[in-house]
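Student: The following block contains the structure, expressed as structure tokens.
The values are calculated or read from the model by the stated rules, or taken from the named source; none is laboratory data. On a predicted model such as this, the values are computed, not experimentally measured, just so you know. Glycine also receives a Cβ, built like all others from the backbone with ideal geometry; neighbour counts cover every protein chain displayed. Protein only, heavy atoms only, side chains kept; ligands, DNA and RNA dropped before computing areas. Shrake-Rupley method; radii C 1.70, N 1.55, O 1.52, S 1.80 Å.
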Amino acid sequence: MKVELIPLQIHGDERGSLVSLERNSNIPFDIRRVYYIFDTENGVTRGYHAHKKLMQMAIVLKGSCDFILDDGNERVSITLNNPAQGLLINSFIWREMKNFTPDCVLMILADNEYDESDYIRDYDQFRLMAK
Ligand code: TYD
């Protein structure tokens, strides 16, 4: 599946920890957009879409949530609960995010601006296009 968990180096010392995100270093694309999801209500599942072109990296800065990822053939579940770990999600991966802890802050880096025409929001259409 075109997803990858990428360890992010922690620059730690007696003061605490720091992670740097840099394009073409630990982020394998030009970052053109950043958004974050927080204060998610109990029981909410978000996402329910894939992208035609967009590449994204998801990092949970605080708390935890689960990603359900589906390439049209297989479906995997990955728990993100570590701010030193990035989940790289390529195009044509259906994603659903759930089990957000109340303190969860989920940050997404993207290689392009928001473009509704890049979304595939119908799962059956996604399955056909992913073949
Ligand atoms: P939505 O696509 O429903 O989020 P998710 O897929 O994570 O469940 O987005 C929620 C709203 O935010 C929707 O009105 C579109 C808007 N939005 C932007 O304006 N810019 C963005 O970068 C994103 C991701 C969403």
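Student: Taking the range 106-131 on its own, how many of its residues are under 25 Å from L21 (Cα atoms) and buried (at least 18 other Cβ atoms within 10 Å of the Cβ)?
Tutor: Matching residues across the range 106-131 total 5.
Student: Only one residue in L88, L18 is away from the ligand (no atom under 16 Å from the Cβ), open to solvent by 40 Å² or more (accessible area, probe 1.4 Å) and modelled with pLDDT of 95 or more. Which one? Quick ask: steps written out before the conclusion?
Tutor: Working: L88 fails: open to solvent by 40 Å² or more (accessible area, probe 1.4 Å).
From the options L88, L18, the qualifying one is L18.
Student: Need pairs with beta-carbon distance below 8 Å; first residue modelled with pLDDT of 95 or more and within the range 113-124, second more than 13 Å from the ligand (Cβ to nearest atom) and not in a loop (DSSP other than H, G, I, E, B); sequence gap 6+ or separate chains.
Tutor: Hits for this filter: I120/F126; I120/M129.
Student: So which pairs qualify, if the first residue must be in the range 1-12 and modelled with pLDDT under 95, the second must be of a type in the set (D, E, K, R) and surrounded by 12 or more Cβ atoms within 10 Å (Cβ to Cβ), the Cβ gap must be under 7 Å, and the two must be at least 6 apart or on different chains?
Tutor: From the range 1-12, the pairs are M1/D71; K2/D71.
Student: Then there is this: Those residues that are free of Cβ contacts under 8 Å to residues at least 12 places away in the same chain and either assigned to a strand (DSSP E or B) or in contact with a strand residue (DSSP E or B) (Cβ under 7 Å, 6 or more places away or on another chain) (or both), I need them from the range 19-44; list them, please.
Tutor: The one that is free of Cβ contacts under 8 Å to residues at least 12 places away in the same chain and either assigned to a strand (DSSP E or B) or in contact with a strand residue (DSSP E or B) (Cβ under 7 Å, 6 or more places away or on another chain) (or both): R23.
Student: Residues F29, F100: which one is more than 12 Å from the chain's Cα centre (by Cα), open to solvent by less than 40 Å² (accessible area, probe 1.4 Å) and more than 13 Å from the ligand (Cβ to nearest atom)? Even if it seems obvious, please write down each step before you answer.
Tutor: Details: F100 fails: more than 13 Å from the ligand (Cβ to nearest atom).
Checking each option against the conditions leaves just F29.
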